[in-house]
Structure formats: structure tokens, C-alpha cells
Amino acid sequence: MGGMAKKCLIALALVLLSFGSAQARDRILIVGSSTVFPFSMAVAETFSEKSGQKAPIVESTGTGGGLKLFCAGVGANTPDITNASRRIKKSELETCRKNGVTPVEVIVGYDGIVLANSKAGPEFDITIEQMFLALAKNLEHQGEVLPNPFADWSEIDPELPAEKIEVFGPPPTSGTRDAFEELVMEAGCKIVGGIEEDACPEIRNDGAYVESGENDDLIVEKLEANPGTVGLFGFSFLDQNSNEIQGAAVGSIEPSFENIASGAYPISRPLYFYVKKEHVGTVPGIEGYLGEFTAESAWGDDGYLAEKGLIPLTADQRKEGAARIQKMEPLRL
């Protein structure tokens, strides 16, 4: 876990300990994914403005860190909702159940994982295979598995920029990192070959990949200061910072709202949040927050979350999701 993620978890623990019983709590506590964070914040602010209730506390702890806090148990010292940029793992769900937590799953929408750099730097058009070659911890060479030898992008392909491979990205606690390992590292490994399947997701630790905590805004700042470096994060952060940074095309397909929505962009994934059923009706405001999030004015095709970069679900998917929340259907994997 990165230093920034640890600080967030410590700060959140202090906030949680400041409350007494769950019944005494007067606001919602939300943790989890840095990718879902801006959407959750927008809903929290709108919910508070409309209802007059205190705005929920929203902390960006990363998907893994958020689920750990969420599944720790029931009561005021645990969050009500956790955001996630990947689906909950079976082991995490088992921990939840063991601790008396019943998660209700909500698919929020879709997001693309992008590589981006400063507009002052070179443009990238890269393949999943080339991403794997740039970031794999080990590669096969003449029958031997050796540490990754590539120092510059152009060493992988002369068409790529003659820049040092330096990628700022999320730590292992991040759902974006999990999704990247599955959609890029594992897929690229199958194309390249020569590496044991279990070792495919391993990202190099020789300085070419720099873990940058759960704060994607910090990655954007680093890209602006270093035009040759590349950042790894969700599409919404590219969308919100498009004046300063540019997204890399993947297989000549640009990371755009339309391309992700259509499925043309190859690195996309669903986004989630999980509600603690035991807290609904106990902590005030949860039902209202959920109602605001699933309103067409929020997560619909023309909602304010789409303006922030969320790729909406289809109308039928949204209808199903809203019904699942109303019924508080427990998650089953």
C-alpha cells in the first residue's frame, strides 16, 4: 500500500472512531475507489443541497482498502458504502459475510483505463502487447526468463516515442491496477508468450513503473511537470483534465466517451459501489443518497455524472439496478 493510501486510511479511521453508535451518526460514510470518487462526491453534494442533510463524508482509499474497511463489520466505526473500480472478490465477500455484513451491489456505469501524458509531450499510439512489453517485470529471451531490458519506448518499437519508460500509476490496493493487470498485462502476456501464467500480471519494480498512491490528481500534476512521462488512470480524469493532458490511442482507437460506450476502446471496465444493508434505515440519508445516484438526472445518458466522464449504463441496465437497490437484494457471486 502506498504512503498516500495509508494516510487516507489513518485519517478515515480517526473520523470513524469519533462517532458513537451507528444510530447516533448523522451523516453517511463512503470509502473506496479513486476512480469512482468524483462521481460519488458529485452525488453527495447534490443530495445534500436537495435534502438539506449533511453531505456524506467521501474518502478515496482505493478499492481494496475500501472493501477492507467496509467488510470489517457493522456499526458506526465502519463505512456505509464503498466504491469500487472492480467487482468484489469472492474472498472479500466471504469476509463481509463472516463479519455480519450484507453487501448490495450497484453497477454505476463504465470507464476506460487510459495512458496519458502532457500535451507538451509526444503523442502515443500503442498496443496492448507493447504495454505489456514496457511494464512486465520479466520477459522471455531465447528460452530464458530475464528481467525486463527495455529502457525507452522506442526500443520496443521505433514508431513509439524515443522517451524513457516512466509510468505513474496506482498501487496494488487500487481497482484500476487490478483491472489493468487483467485487461492489459494478462492479455498482453498471452500474445507475447514465454511467461508462466501466474507471473503475467507482475509489473516491473525497477523504476519504470512508479506507484503514485490513490490520488489521481497528483498523477496529473506529475505529467504536467514531466512531458515525457505517462500516467495510468480512469478515463474520467483524462476527460476532466483534457486541457493539460492527452490520452494514448490503443491500437489506433482514441480513448473517447463514444469509443468506450460503444465497446470499441479495448481497455474498459464496469464501476461499482456496495451498500451495507444493515445500515439502511439506521444511518440517516442512505436511501436518499441512493435515490439521487440512480436518478436519470444523475446517472442517465444526459445526467451530470456523464458530464464528469461516467459512461452510462443502458436504460434497461439502469432500470434493473434501481430495482435492485429498492429491494435491497443481497449480492450473490
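No value in this document is a laboratory result; all are computed from the given coordinates. The model shown is predicted, which means the values in this text are computed figures rather than measured ones. Using ideal geometry, Cβ is built from the backbone for each residue, glycine included, and neighbour counts are taken over all protein chains shown.
Report Rg/Rh for the range 285-328, rounded to two decimals, where Rg is the Cα radius of gyration and Rh the Kirkwood radius.
Rg/Rh: 0.97.
With contacts defined as alpha carbon pairs under 8 Å and 6 or more residues apart, what's the relative contact order of the chain in percent?
Result for the chain is 27 percent.
Under a crude label model (7 Å from the Cα following the beta-carbon direction), how far is Lys98 from Gln326 in nanometres?
According to this spin-label approximation, the distance is 3.7 nm.
What is the percent of Cα-Cα separations in the chain that go past 24 Å?
Tail fraction, whole percent: 55.
On a 30 Å Cα-Cα criterion, which of the cross-link pairs Lys137/Lys308; Lys54/Lys89; Lys89/Lys164; Lys68/Lys137 come out too long?
In this structure, Lys137/Lys308; Lys54/Lys89; Lys89/Lys164 lie more than 30 Å apart at Cα.
Grab the Cα-Cα distance for Lys50 and Glu140, subtract it from 0.36 nm times how many residues apart they are, and report the gain in nm with one decimal.
Extending this stretch completely gives an extra 26.6 nm.
Please give the length that would be gained between Val210 and Glu196 if that part of the chain were fully extended, namely 0.36 nm times their separation in residues minus their C-alpha to C-alpha distance (nm, one decimal).
Working it through step by step, the gained length comes to 2.6 nm.
For the chain, with only Lys/Arg (+1) and Asp/Glu (-1) charged at the beta-carbon, what is the dipole magnitude about the Cα centre, in debye rounded to 20?
It comes to approximately 1820 debye.
Relative to the Cα centre, what is the charge dipole magnitude of the range 71-222, using +1 at the beta carbon of each Lys and Arg, -1 at the beta carbon of each Asp and Glu, and rounding to the nearest 20 debye?
Dipole of the range 71-222, to the nearest 20 debye: 700 debye.
Figure the gain on full extension for Ser154 and Glu296 (residue separation times 0.36 nm, minus the Cα-Cα span) and round it to one decimal in nm.
In short, 46.5 nm is gained.
What's the longest bit of the chain with no exposed GluC sites (Glu not before Pro), using DSSP loop states and at most 11 other Cβ atoms within 10 Å as the test?
Longest stretch, sites excluded: 197-333.
How far apart, in nm, are two points set 7 Å out from the Cα along the Cα-to-Cβ line at Lys308 and at Asp125?
3.4
Would you mind working out the magnitude of the charge dipole of the range 238-288 relative to its Cα centre, with +1 at each Lys and Arg C-beta and -1 at each Asp and Glu C-beta, to the nearest 20 Debye?
280
Where is the GNM fluctuation largest for the chain (alpha-carbon springs, 10 angstrom cutoff): Ala248, Ala298, Ala323?
Fluctuation is largest for Ala323.
Principal axis extents for the range 154-312, Cα atoms only, whole Å, descending order, please.
Principal extents (Cα only, largest first): 57, 37, 30 Å.
Quick one: helix 216-225 against the long Cα principal axis of the chain, what's the angle to the nearest 10°, folded into 0 to 90?
The two axes meet at around 30 degrees.
Mind pulling the angle between the C-alpha long axis of helix 3-17 and the longest principal axis of the chain? Nearest 10 degrees, somewhere in 0 to 90.
With rounding to tens, the tilt is 10 degrees.
So, in nm, how far is label Glu244 from label Lys89 when the simple model puts each one 7 Å beyond its Cα toward the Cβ?
Label at Glu244, label at Lys89, 3.3 nm between them.
Along the positive direction of the dipole of the chain (beta-carbon charges: Lys, Arg +1; Asp, Glu -1; about the Cα centre), which of His141, Gly309, Leu290 reaches farthest?
The one lying farthest along the dipole's positive direction is Leu290.
What residues have an amide H closer than 5 Å to that of Glu163, excluding those fewer than 5 places away on the same chain, when H is modeled at 1.01 Å from N in the peptide plane?
Long-range HN contacts for Glu163: Trp153, Ser154.
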